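Visitor: Structure in structure tokens, see below.
The values are calculated or read from the model by the stated rules, or taken from the named source; none is laboratory data. These numbers were taken from a predicted model, which means no experiment stands behind them. Note: ideal-geometry Cβ built from the backbone for every residue, glycine included; neighbour counts use all protein chains shown. Accessible surface is based on the protein model in full, side chains and every heavy atom, while ligands, DNA and RNA are left aside. Shrake-Rupley method; radii C 1.70, N 1.55, O 1.52, S 1.80 Å.
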Amino acid sequence: MIYQACIACGERYGADEIVYLCRRCGDLLEVRYDYDLLEAKLEKSDWQSLPLSVWRYRDFMPIRDPSRIVSLNEGGTGLHSCQRLVNLLGVKRLYVKNEGENPTGSFKDRGMTVGITKAMELNVKSVICASTGNTSASLAAYAAKAGLECIVLIPSGKIAYGKLAQAMVHGAKVVQIQGNFDQALKIVLELSEKYKEFYLLNSINPYRLEGQKSLAYEICDQFNREPPDRVVLPVGNAGNISAIWKGLTEFNRLGLISRLPKMTGIQAEGAAPIARAIKSGKKKIVSIDNPETIATAIRIGAPISWKKAIKAIEESKGRAETVTDEEILEAQKMLARSEGLFVEPASASSVAGLKKLLETGEIDKDEVVVCVATGHGLKDPDVAIKTSEKPLEVDAETEFIEKLLGLSRPLPATVVECPDGM
Ligand code: F0G
């Protein structure tokens with residue numbers, strides 16, 4: 001049996017009810033299962049022989065008819081062992097879960113394949129979201145695949161160009177607002193409450209988070225069910241950290257893993273309400289009116305899932321940290337140059353945060369750590385170009401290139417044999 005329940009008062013809602021916040025107390029919802037039934041189902045299932053992907057875990061997903069799944073082949077992303085970073089940072093073992101390998105280049109695809117499949121089950125015709133970029137790119141692609149109308153609200157001038165191109169090319173109705181993400185989210189929530197024909201696919205939608213929990217399942221399976229000590233990831237609206245924690249606790253509850261990693265959330269200094277609350281021992285966040293950071297993906301001042309995120313960090317005995325834009329850019333370069341992984345600035349904040357926490361001694365050097373790189377670097381080429389050395393430009397002559405590369409040296413003297421008599 002599958003249903004939705006309020007995380008605060010426990011009020012239940014049917015699996016097919018379109019509801020985003022508890023009608024009794026206004027808090028967040030989550031999808032719940034009868035885990036005894038699920039365990040029995042798993043015993044008869046061939047899921048462990050399927051390749052790594054979101055839909056390897058279809059038995060753990062709130063979807064009725066697997067033949068109607070809307071998929072672009074999401075999940076199954078690489079877990080890269082980062083030996084050169086280990087040498088630089090001094091941690092025992094470090095892996096990067098590279099979510100840029102997903103079809104639209106970010107972890108959002110895990111949530112959208114499930115969210116859009118649910119939208120089809122619910123027979124909706126239009127989907128809507130607010131976004132700092134990646135959600136809009138992913139929703140636009142999956143809506144196109146499913147033949148649904150797609151509307152996205154984005155903060156004007158504050159989303160990376162690659163993401164904007166994706167939303168536009170997939171045919172979404174793109175609306176830029178003169179405001180930030182938090183305002184955009186408020187508007188789409190209001191619209192979808194008022195006009196039931198718009199199905200909201202921000203991470204407030206608990207079905208989307210069900211897809212995102214597959215990231216945790218994959219990490220467990222890639223570690224042969226001996227999970228790492230810690231998972232470090234960037235936090236914006238706080239859906240992903242909540243989804244990963246749900247996935248980990250579900251695997252634990254089903255006896256598939258026997259210990260839980262510490263969840264460690266990293267936020268940009270100018271947009272860090274959750275990290276500030278955790279670091280000062282508060283149970284509630286104070287939202288930020290004008291969040292600012294170069295990592296536009298996580299430029300969020302009033303994260304909707306803050307309560308779930310604080311619970312994940314506290315229950316797992318994890319941590320939260322803030323990083324500056326400079327630290328983010330340094331980590332982006334470090335990943336690109338020492339591991340061949342090009343990730344967008346928000347994603348690099350996980351490595352920046354790990355570096356900082358190792359330096360302050362808050363993370364033990366003896367740990368096995370996974371950093372989640374949430375989105376591909378090509379999403380935001382502008383930042384990469386602005387912060388890298390400019391390419392050199394010379395005339396199209398071999399001689400110039402030789403000089404440039406320090407190769408110009410006198411040609412070896414050739415001895416010319418002169419025929420007799422000359
Ligand atoms: N990393 C990237 C690359 C993101 O795009 C986001 C969120 C996050 C991290 C943070 O994840 O919100 O679940 O805590 N991007 C959203 C968007 C807000 O609209 O694309 P979160």
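Visitor: In segment 361-389, how many residues are at pLDDT 95 or above and either open to solvent by 80 Å² or more (accessible area, probe 1.4 Å) or closer than 18 Å to residue 82 by Cα (or both)?
Guide: 18
Visitor: Based on this model, can you work out whether residue 305 counts as closer than 17 Å to residue 84 by Cα, near the ligand (Cβ under 10 Å from one of its atoms) and out of contact with any Asp or Glu (no Cβ under 7 Å at 6 or more places or on another chain)?
Guide: When the stated conditions are applied, residue 305 does not pass them.
Visitor: Is there a residue in segment 53-64 that is farther than 30 Å from residue 103 by Cα and of a type outside the set (Val, Ile, Thr)? Write out each step before concluding.
Guide: Let us first name the residues in segment 53-64 that are farther than 30 Å from residue 103 by Cα, namely none.
No - not one qualifying residue is present in segment 53-64.
Visitor: Shifting gears a bit: Surrounded by 18 or more Cβ atoms within 10 Å (Cβ to Cβ), touching a residue at least 24 places away in the same chain (Cβ under 8 Å) and in contact with a Leu (Cβ under 9 Å, 6 or more places away or on another chain): is that true of residue 345 in this structure?
Guide: It is true that residue 345 is surrounded by 18 or more Cβ atoms within 10 Å (Cβ to Cβ), touching a residue at least 24 places away in the same chain (Cβ under 8 Å) and in contact with a Leu (Cβ under 9 Å, 6 or more places away or on another chain).
Visitor: Continuing with this model, one more query. Looking at segment 180-194, I want the residues that are over 14 Å from residue 287 (Cα atoms) and have a partner that is away from the ligand (no atom under 16 Å from the Cβ) and open to solvent by 30 Å² or more (accessible area, probe 1.4 Å) with Cβ atoms under 9 Å, at least 6 apart or on another chain. Which pairs are those?
Guide: From segment 180-194, the pairs are 188/198; 189/21; 191/198; 192/18; 192/198; 193/21.
Visitor: For segment 223-241, name all the residues that are within 6 Å of the ligand (Cβ to nearest atom) and of a type in the set (S, T, N, Q).
Guide: Those that are within 6 Å of the ligand (Cβ to nearest atom) and of a type in the set (S, T, N, Q): 237, 240.
Visitor: Among what's in segment 202-215 and is outside any loop (DSSP other than H, G, I, E, B) and touching a strand residue (DSSP E or B) at 6+ places or on another chain (Cβ under 8 Å), pick the residue that is nearest to the ligand (Cβ to nearest atom).
Guide: 209
Visitor: Please state which of the following conditions residue 165 fails to meet, knowing it meets all the rest: (1) in contact (Cβ under 8 Å) with a residue 24 or more places away in the chain; (2) open to solvent by 20 Å² or more (accessible area, probe 1.4 Å); (3) in a helix (DSSP H, G or I).
Guide: Of the numbered conditions (1) in contact (Cβ under 8 Å) with a residue 24 or more places away in the chain; (2) open to solvent by 20 Å² or more (accessible area, probe 1.4 Å); (3) in a helix (DSSP H, G or I), the odd one out for residue 165 is (1).
Visitor: Between 35, 20, 57, 3, which is aromatic (Phe, Trp, Tyr) and under 18 Å from residue 199 (Cβ atoms)?
Guide: 20
Visitor: Go through (1) within 23 Å of residue 228 (Cβ to Cβ); (2) out of contact with any Cys (no Cβ under 7 Å at 6 or more places or on another chain); (3) of a type in the set (A, V, I, L, M, F, W, C); (4) within 16 Å of the ligand (Cβ to nearest atom) one by one and return the number of the condition residue 184 breaks.
Guide: For residue 184, the failing item is (1).
The rows are residues; the columns are (1) closer than 19 Å to residue 349 by Cβ; (2) under 18 Å from the mean Cα position of the chain (by Cα); (3) within 13 Å of the ligand (Cβ to nearest atom).
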| position | (1), (2), (3) |
| --- | --- |
| 265 | yes, yes, yes |
| 273 | yes, no, yes |
| 292 | yes, no, no |
| 331 | yes, yes, no |
